[in-house]
Amino acid sequence: MKNGEDTMERLKGKVALITGGGGGIGAKTARLFVSEGARVVLADLQESVLKPLVQEIGDAASYVVTDVTDEGQMKRAVDVAVERHGRLDVLFANAGTEGRVTPLVDYSLADFQRVINVNVVGVFLGLKHAIPVMQKQGGGSIIITSSIAGLKGSAGLSAYVTSKHGLVGLMRSAVLEVGNTGVRINTIHPSPIETRMMRSIEDGASPGHGDTAKQQFAASIPAGRYGTPSEVAHTALFLASDDSRFCTGGRYSVDGGMSAR
Ligand SMILES: NC(=O)c1ccc[n+]([C@@H]2O[C@H](COP(=O)([O-])OP(=O)(O)OC[C@H]3O[C@@H](n4cnc5c(N)ncnc54)[C@H](O)[C@@H]3O)[C@@H](O)[C@H]2O)c1
């Protein structure tokens, strides 16, 4: 037992690169993956967040400061994982930004493009550079963090919703290209989860009354509450592990029933 989790070493010997590894979902997933025997490399923007996090997780974790929108930096993150550990089994393409909560007609072009750049272009670059490495090894698992916003619309979040729908198309096209090479690619679709990102969306939806917005969002989830980063991390664990060896091209909801609406 480590970190209070039951561990079955489901990722023993595997190497995972986690983008957005300094954020709520990424950091929790890093801890879970390490507790299951993986070595992880965390890629995120700020060294001041990454450094203490890997120190806390221990020797199996390291970081590489990365802006996923920069092709050279994203390629370097993949290369660093391979240089440090000799292989790359899992890419958790998880970095994302919520953008502004604003009606479409008021959304600035620059703000819209920034969201697409991080959430779609950043994931494209991850796939572009991780897939050849995994193909050479004979396989690997790529898990893309989409969202309930990749399956449903949401007023005020047009850029975010567009980007998260786009990831489903990216995933499906990539699977048709590499499905016979042992590389598996799936998307996960969380409902609101207890992280910084939801605090930002709550405040954007109801400035100064984020708590009220939170209650309304939670009420739209059949389970009646937000999910936790741990609940998302366990979905990623299933897809990273060999338990999901025949799963590719799928969309995995972790949403307390929200997508049933
Ligand atoms: N929290 C939720 O309710 C929720 C729901 C569905 C999907 N998601 C998705 O889950 C993923 C993780 O979000 P989170 O909830 O942990 O939020 P978070 O804000 O805590 O984490 C996001 C991380 O991505 C990093 N990031 C942003 N731009 C980057 C860039 N250009 N290069 C590298 N890293 C960058 C941030 O620094 C941050 O650490 C995101 O893709 C998000 O869209 C979150």
### Task
Would you mind stating whether THR212 is touching a helix residue (DSSP H, G or I) at 6+ places or on another chain (Cβ under 9 Å) and among the polar types (S, T, N, Q)?
yes
### Where a residue in segment 61-83 is under 16 Å from PHE124 (Cα atoms) and its partner, wherever it lies, is assigned to a strand (DSSP E or B), with Cβ under 6 Å and at least six apart
THR66/ALA43; VAL68/THR19; ALA77/ALA43; ALA77/VAL64
### Query
When the residues of segment 146-176 are filtered to those that are among the polar types (S, T, N, Q) and more than 12 Å from the ligand (Cβ to nearest atom), which remaining residue is farthest from GLY122 (Cα to Cα)?
SER158
### Query
Scanning for something crowded, with 20+ Cβ neighbours inside 10 Å and more than 13 Å from the ligand (Cβ to nearest atom), does segment 189-197 turn up at least one residue?
no
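Of all the residues that make up segment 69-111, how many are over 18 Å from ALA159 (Cα atoms), in contact with a helix residue (DSSP H, G or I) (Cβ under 7 Å, 6 or more places away or on another chain) and near the ligand (Cβ under 9 Å from one of its atoms)?
Qualifying residue count, segment 69-111: 2.
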#### Entry: Failed item, numbered, when GLN215 is tested on (1) of a type outside the set (Gly, Ala, Ser); (2) over 15 Å from GLY26 (Cβ atoms); (3) in contact (Cβ under 8 Å) with a residue 40 or more places away in the chain
(3)
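Which of the residues spanning segment 137-148 are of a type in the set (Gly, Ala, Ser) and part of a strand (DSSP E or B)?
So the first thing to find is which residues in segment 137-148 are of a type in the set (Gly, Ala, Ser), and the list is 138-141, 146-147.
Scanning segment 137-148 gives GLY140, SER141.
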### Message
Can you tell me which residue is surrounded by the fewest Cβ atoms within 10 Å (Cβ to Cβ) among those in segment 149-163 that are on the phi < 0 side of the Ramachandran plot, touching a helix residue (DSSP H, G or I) at 6+ places or on another chain (Cβ under 8 Å) and in a loop (DSSP other than H, G, I, E, B)?
### Response
GLY153
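Can you give me the number of residues within segment 15-39 that are in a helix (DSSP H, G or I) and either more than 16 Å from the ligand (Cβ to nearest atom) or not hydrophobic (A, V, I, L, M, F, W, C) (or both)?
Our first condition is that a residue be in a helix (DSSP H, G or I); within segment 15-39, this holds for 24-35.
Going one step further and asking which of them are either more than 16 Å from the ligand (Cβ to nearest atom) or not hydrophobic (A, V, I, L, M, F, W, C) (or both), we end up with 24, 26, 28-29, 31, 34-35.
Adding up the residues that qualify gives 7.
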### Task
Evaluate the following for ALA130: is it of a type in the set (Gly, Ala, Ser), under 14 Å from the mean Cα position of the chain (by Cα) and crowded, with 24+ Cβ neighbours inside 10 Å?
no
### Query
Going through segment 66-98 one residue at a time, which ones are more than 16 Å from the chain's Cα centre (by Cα) and under 24 Å from LYS164 (Cα atoms)?
ASP70, GLU71, GLY72, GLN73, LYS75
#### Entry: Meets criteria (at pLDDT 95 or above and touching a strand residue (DSSP E or B) at 6+ places or on another chain (Cβ under 8 Å)) for VAL49
no
### Task
Assess whether ILE25 counts as being under 20 Å from HIS234 (Cβ atoms), in contact with a Pro (Cβ under 9 Å, 6 or more places away or on another chain) and among the β-branched types (Val, Ile, Thr).
yes
### Query
Which one is surrounded by the fewest Cβ atoms within 10 Å (Cβ to Cβ) among residues in segment 43-64 that are outside any helix (DSSP H, G or I) and within 9 Å of the ligand (Cβ to nearest atom)?
GLN46
### Query
Is segment 1-13 home to any residue that is within 16 Å of the ligand (Cβ to nearest atom) and either within 24 Å of SER146 (Cα to Cα) or in a loop (DSSP other than H, G, I, E, B) (or both)?
no
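The values are calculated or read from the model by the stated rules, or taken from the named source; none is laboratory data. Model, not experiment: these values are computed from the prediction. So basically every Cβ, Gly included, is an ideal-geometry build from the backbone, and we count neighbours across all protein chains shown.
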